[in-house]
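Asks: Pasting a structure below so you can have a look.
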Amino acid sequence: MQVKNKDVKRLLEKYREIALLGQVNSVLSWDLNVNLPPAAAEDRAAQSAFLTKLVTQRWLDPDFKFLFEKAKVQTKLTLEEKATLRNLEHSAKYYFRVPPELIIKFSEETSRAFMIWQRAKKENRFKDFLPSLKKIIKLNQLIAQHLGYQDNPYDALLDLYEPGLTTRSCQRLFSTLIPELITLLKQTKSNPKFQIKSDLINADLIYPQPDQEKLARFLLHKLNYNFSAGRQDLSSHPFTTVLGSSDVRVTNRYQPNNFIDSLTVALHEGGHALYEQGIKAEYALTPLAGGVSLGIHESQSRFWENQIGRSREFIHILTPILHAFYPAQLSQVGEDTLFTLFNQVAPGPIRVEADEVSYNLHIALRFELEEALINNRLKPQDLPAAWRAKMKKYLGIVPSTDREGVLQDVHWSYGSFGYFPTYTLGNLYAAQFTATLNRELKLTELVGNADFGTILSWLRTNIHQHGSLYWPAELLQKVTSQAFSPKFFLQYLQKKYR
Ligand code: MG
């Protein structure tokens, strides 16, 4: 990237160290999730907290702040220089406004909470996690106060994950989605095309872990994920992480009696990873590196997982692959059955296993509970009951354990409040991008021919290469020639499931 402005150039030199420390922290966090022995939790918490302290010191370096203020008022900046400053301002806000002691305390607390949550979930004991959860909510409330907001402290937290997102805009979005989704869910539940009683998954048939692992790897290769700049490992909660511009890693997990879960996880995490691998190399270690927001990031994973991965054409090309990988288990199973299996609509307690129709209802529930917790309208100890009540209202079911209810997600143990709505945005953005892709390319034909390279190069040209150059609303407008709207997602669901 061509930077002519001297102040921006010096700022970028200083930022480079912040970005490098961030990558080192990603190595620690990847290791925490993939390899860490249980007794090492305190060691890792101290290491991460120390790195966070170094990052905070660099953000708060008076020289850095001085340069930033000087660069900000300059005119005649290029598009990239302006975007650099805008992104710096958005990230710096956290460090400029939240006291360093609070940032460090938050890092220590969440590192510890992750291990506590893991055990509490395993043992189905919400009360073991409750003290950590209370602390994390309190810390988030403090952080929100320091960050500042107009209407609702939850706005300050939402903005950390999706720039500009507010409680009010989420409420507006969910008030459109919820009734439509509940109606469609009721209709689809009784449509035999999307219902199947089958012993192929979650019964006695075993799909050995090495086979699942190999198939996940095979699909990542097909999608053009670059293994020489990445790897696939095992973790309890699948994720994608960037340890360097040429080190984008994914994880997966394998349920012995379910071949679909790890397959769709591979497509999902593969989508995140392809985004990161497609960003202009020259943006590495600058504020333009990385996907622009969690919502846009999730659009790339949901695109491959759902728009492509659960389509008729994809299941068509997948069928012989499944027969080859699981001859004993699936060789007698035809394309129609597989299509129904991949697209079953059945409301269940677990978000990550949810079908496309009910998924966003899981998010609506979390959004409403988080907003109530941050505003003290809901006490943390009342959370399991509130969770069950909302599940009943939106999905018509009640989880039988907290493990399948309030303890299922890792996010709160990480300290992330305001994160969940970006999943819904991702689904909606993905549908809007796909509508454009359909207009510009023969998408179904490309999928039918397993021509993923052409699809990927469209994504690279239009979305990936830009990294964080354009903000979400801008990118969406630029790529789709329309403002963000939930109508594309609702139309997609109506077309597929009605
Ligand atoms: Mg994701």
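Asks: 7 Å from Cα along Cα→Cβ at both Asn375 and Thr183: what's the point-to-point distance in nm?
Replies: Label at Asn375, label at Thr183, 2.7 nm between them.
Asks: Moving on to the next point. Could you check what % of the DSSP bridge pairs in the chain are antiparallel, to the nearest 5?
Replies: Around 60 percent of the beta bridges assigned by DSSP in the chain are antiparallel ones.
Asks: Now for a separate question. Over the range 1-129, what is the mean sequence separation of C-alpha contacts under 8 Å (at least six apart), divided by residue count, expressed as relative contact order in percent?
Replies: 35 percent
Asks: Let me ask something else. Might you report the magnitude of the Cβ-based charge dipole of the chain about its Cα centre, with Lys and Arg at +1 and Asp and Glu at -1, to the nearest 20 debye? Before the final figure, lay out the partial values.
Replies: Details: 60 positive and 51 negative charges, 195 e Å.
Result for the chain is approximately 940 debye, rounded to the nearest 20.
Asks: Still on this model: At a Förster distance of 25 Å, what's the computed FRET efficiency of Leu54 paired with Tyr149, Cβ-Cβ distance as r, to 0.05?
Replies: 0.30
Asks: If each residue of separation counts as 0.36 nm, what is the full-extension length gain between Glu42 and Val27 once their alpha-carbon separation is subtracted?
Replies: 3.7 nm
Asks: Within straight cross-link reach of Lys72, meaning Cα distance under 16 Å, which lysines are found once same-chain residues fewer than 8 apart are removed?
Replies: The reachable lysines, counting only those whose Cα sits under 16 Å from Lys72, are Lys4, Lys6, Lys9, Lys14, Lys82, Lys93.
Asks: Continuing with this model, one more query. Provide the gained length on full extension for the span Ser481 to Thr78, in nm with one decimal, where the gain is 0.36 nm per separating residue minus the Cα-Cα distance. Could the numbers behind the result be given before it?
Replies: Working: separation 403, 0.36 × 403 = 145.08 nm, distance 2.31 nm.
So the extension gain works out to 142.8 nm.
Asks: Right, another one. Give the separation of the Cα centroids, the range 414-451 to the range 360-401, in Å.
Replies: When both Cα centres are located, 27 Å separates them.
Asks: A further question follows. Classify the range 148-196 as rounded, prolate or oblate, taking a ≥ b ≥ c as the square roots of the eigenvalues of its Cα gyration tensor: rounded when a/c is under 1.5, otherwise prolate if a/b is larger than b/c and oblate if not.
Replies: prolate
Asks: Let me ask something else. Return a whole-number percent for the relative contact order of the chain, with Cα pairs under 8 Å and 6 or more residues apart as the contact set. All intermediate terms of the calculation are to be shown ahead of the outcome.
Replies: On the way: 684 pairs, mean separation 98.2, N = 498.
This gives 20 percent for the chain.
Asks: For a test of the definition: using alpha carbon positions, the gyration tensor, and the 1.5 limit on a/c, classify the range 163-229 as rounded, prolate or oblate.
Replies: Oblate, because a/c is 1.5 or more while a/b does not exceed b/c.
Asks: Measure out, as a whole number of angstrom, how far apart the alpha-carbon centroids of the range 281-307 and the range 1-55 sit.
Replies: Using only Cα atoms to place each centre, the spacing works out to 19 Å.
Asks: Follow-up. Can you classify the range 428-498 as rounded, prolate or oblate using the Cα gyration tensor, where a ≥ b ≥ c are the square roots of its eigenvalues, rounded means a/c under 1.5, and otherwise it's prolate if a/b beats b/c and oblate if not?
Replies: Numbers: a/c = 2.49, a/b = 1.08, b/c = 2.30.
The shape class here is oblate.
Asks: Here is a follow-up. With a point put 7 Å past each Cα toward its Cβ, work out how far Glu13 is from Ser236 in nm, to one decimal.
Replies: Modelled inter-label distance: 4.6 nm.
Asks: How far apart, in nanometres, would the label points at Lys442 and Val398 be if each is projected 7 angstrom from Cα along the Cα-to-Cβ direction?
Replies: Rounded to a tenth, the inter-label distance reads 5.4 nm.
Asks: Using a Cα-Cα cut-off of under 28 Å, which lysines could be cross-linked to Lys495, ignoring same-chain neighbours fewer than 8 residues away?
Replies: Answer for Lys495, where 28 Å is the Cα cut-off: Lys186, Lys189, Lys193, Lys197, Lys222, Lys390, Lys392, Lys393, Lys442, Lys478, Lys487, listed by chain and number.
FYI, it's all coordinate maths here, none of it is from the lab. Fair warning: this is a prediction, and the values are worked out from it, not measured in the lab. Virtual Cβ from ideal backbone geometry, glycine too; neighbours counted across all protein chains shown.
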